[in-house]
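The values are calculated or read from the model by the stated rules, or taken from the named source; none is laboratory data. Given the structure is predicted, the values throughout are model-derived calculations rather than measurements. Ligands, DNA and RNA are stripped out before the accessible areas are found, and what is left, the full protein with its side chains, is counted by its heavy atoms. Shrake-Rupley method; radii C 1.70, N 1.55, O 1.52, S 1.80 Å.
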Amino acid sequence: MDNQILELLTELSKEMKGMKSEISQLKTEMHNRFDVIETKLVGVWWTI
């Protein structure tokens, strides 16, 4: 029983680390997208 609990906790820990990594990648991707949009908006602002 203790071994099963330990295995489940180990698996849960691995999944949580994977999710944390995915979230970090998504945040980086969104920041990059916003940076591109901001650059375009600044370019439009200077052409007005």
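Listed by chain and number, the aspartates and glutamates whose C-alpha is less than 19 Å from the C-alpha of K20, apart from same-chain residues fewer than 8 away, are E11, E29.
Using a 1.4 Å probe on the protein heavy atoms, what percent of the accessible area of the chain belongs to carbon and sulfur? Looking at the chain in its full context, I get 66 percent from C and S.
Mind checking the angle between helix 2-47 and the chain's longest principal axis? C-alpha axes, 0 to 90 degrees, to the nearest 10. Rounded to the nearest ten degrees, it is 0.
Taking every protein chain into account, the accessible area of the chain amounts to 104 square angstrom per residue (probe 1.4 Å).
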